[in-house]
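Undergrad: Pasting a structure below so you can have a look.
The values are calculated or read from the model by the stated rules, or taken from the named source; none is laboratory data. Nothing here was measured: the structure is a model prediction, and the numbers come from that model. Here Cβ is always computed from backbone atoms with ideal geometry, including for glycine, and neighbour counts include all displayed protein chains. We work out accessible area using only protein heavy atoms, side chains counted, and drop any ligands, DNA or RNA first. Shrake-Rupley method; radii C 1.70, N 1.55, O 1.52, S 1.80 Å.
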Amino acid sequence: MTIVVPERAKALLLSLLLLIAFLGAWELAVPSAEKAAQQSEYEMLTGGGAPQAHVPPPSQVIGKAVKELSNPFYDNGPNDKGIGIQLAYSLYRVLTGYFLAALIAIPIGFLIGMSPLFYKALDPFIQVLRPISPLAWMPLALFVIKDSQASAIFVIFICSIWPMLINTAFGVANVRKDWINVAKTHELGSLRTAFQVILPAAAPTILTGMRISIGIAWLVIVAAEMLVGGTGIGYYVWNEWNNLDLTSVIFSIIMIGLVGMLLDAAFAFVQRSVQFQE
Amino acid sequence: MEKPFIEVTDLTRRYPAAKGGEPLTVFEHANFSIEKGEFVCIIGHSGCGKSTIMNILAGLDAPTEGGIIMGGKEISGPSLDRGVVFQNYSLLPWLSALKNVMFGVRARHPDWSRDQVVAHSEQYLEMVGLTGGAEHRKPAQLSGGMRQRVSIARAFAIQPQLLLLDEPFGALDALTRGTIQDELIRIWSATEQTVFMITHDVDEAILLSDRILLMTNGPFARVAESVVVDIARPRQRAEIIHDPAYYKIRNHLVEFLARRSKELSGSHGREASGGPPLTVRPGLKDPDDKEREPSWPKLVSAVG
Ligand SMILES: Nc1ncnc2c1ncn2[C@@H]1O[C@H](COP(=O)(O)OP(=O)(O)O)[C@@H](O)[C@H]1O
Ligand SMILES: [Mg+2]
């Protein structure tokens, strides 16, 4: 008798094994926490030696995670907020900047996708603005807006706009001529053609752009918050580094990864819902 | 004499020269007419401009010279009066079969309620034999034949004055093609629809049409002949092949496509206005083929 194990289950099992092997190797490679603690306690008592940061073993990180995640929304003043609050700040900035960008990028992308004239006219601006690192805008934003919160949102806005703009324009410009002809032979007006034919036809390409944008926005927010400070997961990482609390740093790195994965999964879900097969 | 329903006059389509080349004249001085309720097929070799003529009829393309009058009005753009079944079906892939038909019905009757639109669409899907759940599937989940049925249902459902079909069965296997041809005949006889259809299949043209227009090869293609299909209706695929007229017509068409479409092509030395195509009736039971024989020398001499 043979037991058929589905491919997915096999892959999952292998992932788990890899994770355990990695964590095990890590745990063994790190000098035991007690030893380090004893030594440094002695050093601290004698006043010799600055507090030294050690890469913590995974067991310590897991302990930290359990503690943090059991009470993620506590707030004990500016430098001591729960991980949930910090992530919420970052998500708020990312989503605000991102949706403002979508509000502008998608209509303009539509326009330049429909009109070769507008495309040619706007192309040089896009080509120059697009390669600028979003953080390069930060000083200018801080000076003009005079508000660090809004500046971070602006940086997210500016980095999210390009993939959405370019993909929308590309998707709209490449809608099959046949489908446009279907709209024409049915005497659809331009607004109806835009919403009933061009938008659904270009939706998969537009959603690809939106998915790329949200990924970039989540990458950029960490750096932006390290610069502007105050709140947010980027600030949290930097703050814990200044406290030499590497356990928290590693824990927050993992959280950044997990939230980024969830954001991407959400957009992948929307993308699948507008996907069609020709 | 009463004016025909559709009158194509001196239709010419040229494409501007590519860099360093000469302008391309796809066809010129095409003259023909279509009566109300008539089923007309057009045959010609690939590239002679059949699709171009149909696009001009549909209002999707404009002629370089000449024009088309339909029902007393010049055709100047697309209209719901002319339904089109494109060569590649052109269904909207993100909509189900039913929604594709509803798309057309809604465009035609913006004032109808949703229930009316659904009922009307379902009626036409039923007419082409697409029921039992298939109507809720997306085009990608339908076979080529089913897709073509949806496309035909969409075009018939808007009840246009003229139905345009561009090689509608070109991509289908012979069996499926046969069934859909039968369905098309059935629907057409029930609706008295005027149809203009492109095909490259001689048997299909004889089975379906009242009249077959023959085009010479491009460039400078012309509509050279109008062949009347003198076979009584209703026609059955299995029976018409025993009709003596069938092979006379078939031979005439095959002979034209094999030989004369080439001989007559590129003959732009003719007078500027081509005049109407020669009417031929190879199927008439005329003992000495009076109608057909004398017309050939006339045509050849006209070519020069
Ligand atoms: N946009 C275009 N520019 C230049 N030539 C074209 C264009 N569209 C079609 N043609 C030419 O017109 C001719 C007729 O095309 P078409 O009407 O599709 O032929 P058919 O349907 O009879 O096979 C072809 O030779 C094709 O190369
Ligand atoms: Mg064609």
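Undergrad: Would you please give the residues with an amide H less than 5 Å from that of B:ALA221, counting only those at least 5 places away or on a separate chain, with H modeled from the backbone geometry?
TA: Under 5 Å from the amide H of B:ALA221: B:PHE27, B:GLU28.
Undergrad: For segment A:88-231, calculate the relative contact order in percent as a whole number, restricting contacts to Cα pairs under 8 Å that are 6 or more residues apart.
TA: Computed over segment A:88-231, the figure is 37 percent.
Undergrad: Can you check how the C-alpha radius of gyration of segment B:125-181 compares to 2.2 N^0.38 Å, as a plain ratio?
TA: Cα Rg divided by the expected 2.2 N^0.38 Å: 1.11.
Undergrad: Report in % the part of the accessible area of chain A that belongs to carbon and sulfur, leaving out ligands and nucleic acids; probe 1.4 Å.
TA: Carbon plus sulfur share of accessible area: 70 percent.
Undergrad: Amide H of B:LEU213 versus every other amide H placed in the peptide plane: which residues, excluding those fewer than 5 positions away on the same chain, fall under 5 Å?
TA: Placed amide hydrogens put B:CYS41, B:ILE42, B:ILE43, B:VAL227 under 5 Å from B:LEU213.
Undergrad: Mind checking how much accessible area A and B bury in total, 1.4 Å probe, in Å² rounded to 100?
TA: Chains A and B together bury roughly 1700 Å² of accessible area.
Undergrad: Okay, next question. Among A:266-276, B:78-88, how do they line up by average Cβ neighbours within 10 Å per residue, starting with the highest?
TA: Put in order of decreasing packing, that is B:78-88, A:266-276.
Undergrad: Right, here's the next one. Would you please give the residues with an amide H less than 5 Å from that of B:VAL85, counting only those at least 5 places away or on a separate chain, with H modeled from the backbone geometry?
TA: The list, which skips near neighbours in sequence, is B:LEU164, B:LEU165, B:ASP166.
Undergrad: Apply the a/c threshold of 1.5 to the C-alpha gyration tensor of segment A:207-278 and tell me whether it is rounded, prolate or oblate.
TA: prolate
Undergrad: A follow-up question, please. Each residue of segment B:14-22 in turn: what ³J(HN,Hα) in whole Hz from Karplus with 6.51, -1.76, 1.60 and θ = phi - 60°, glycine and Pro shown as x?
TA: With the stated coefficients, segment B:14-22 comes to 10, 9, x, 4, 6, 3, x, x, 9 Hz.
Undergrad: If the elastic network links every pair of Cα atoms under 10 Å, which of A:VAL155, A:VAL55, A:VAL237 fluctuates the most in the Gaussian network model of chain A?
TA: Comparing A:VAL155, A:VAL55, A:VAL237 in a Gaussian network model of chain A, the most mobile one is A:VAL55.
Undergrad: Taking chain A as the reference, fit the longest principal axis to its C-alpha atoms, fit the long axis of helix A:246-274 to the helix C-alpha atoms, and give the angle between the two in degrees, 0 to 90, nearest 10.
TA: 20
Undergrad: May I ask for the angle, rounded to the nearest 10°, between helix A:199-228 and the longest principal axis of chain A, with both axes built from Cα atoms and the value confined to 0 to 90°?
TA: The answer is roughly 30 degrees.
Undergrad: Now a separate question. Quick one: pull the percentage of alpha-carbon pairs in the protein assembly as shown with a separation above 40 Å.
TA: Everything past 40 Å amounts to 50 percent.
Undergrad: Would you mind checking the tilt of helix A:33-45 against the longest principal axis of the Cα atoms of chain A, expressed as 0 to 90 degrees and rounded to 10?
TA: That helix lies at roughly 60 degrees to the long axis.
Undergrad: Based on the alpha carbon coordinates of segment B:1-119, what radius of gyration and maximum Cα-Cα distance (Dmax) apply, in Å?
TA: Rg, Dmax (Cα atoms, Å): 17.6, 58.
Undergrad: Using the 2.2 N^0.38 Å rule of thumb for compact globular proteins, work out how segment B:94-157 stacks up: its C-alpha Rg over that value, please.
TA: The value comes to 1.00.
Undergrad: Would you tell me the accessible area of A:HIS54, worked out with a 1.4 angstrom probe on the heavy atoms of the protein chains, in Å² to the nearest 10?
TA: About 90 Å², ignoring ligands and nucleic acids.
Undergrad: Using a 1.4 angstrom probe, figure out how much accessible area segment B:94-157 has per residue, in square angstrom, rounded to the nearest whole.
TA: 41
Undergrad: Let me know the shape class of chain A, please: from the alpha-carbon gyration tensor, a ≥ b ≥ c as square roots of the eigenvalues, rounded when a/c is under 1.5, otherwise prolate if a/b is greater than b/c, or oblate.
TA: Oblate, since a/c reaches 1.5 and b/c is not below a/b.
Undergrad: Compute the relative contact order of segment B:94-157 as a whole-number percentage, counting only Cα pairs closer than 8 Å that sit 6 or more residues apart in sequence.
TA: 51
Undergrad: Another one. Under the classification rounded if a/c is under 1.5, otherwise prolate if a/b is larger than b/c and oblate if not, where does segment A:88-231 fall, given a ≥ b ≥ c as square roots of the Cα gyration tensor eigenvalues?
TA: prolate
Undergrad: Taking only Cα atoms and a 10 Å spring cutoff, compute GNM fluctuations for chain B and point out the largest among B:LEU60, B:LEU162, B:LEU11.
TA: Greatest mean-square fluctuation among the candidates belongs to B:LEU60.
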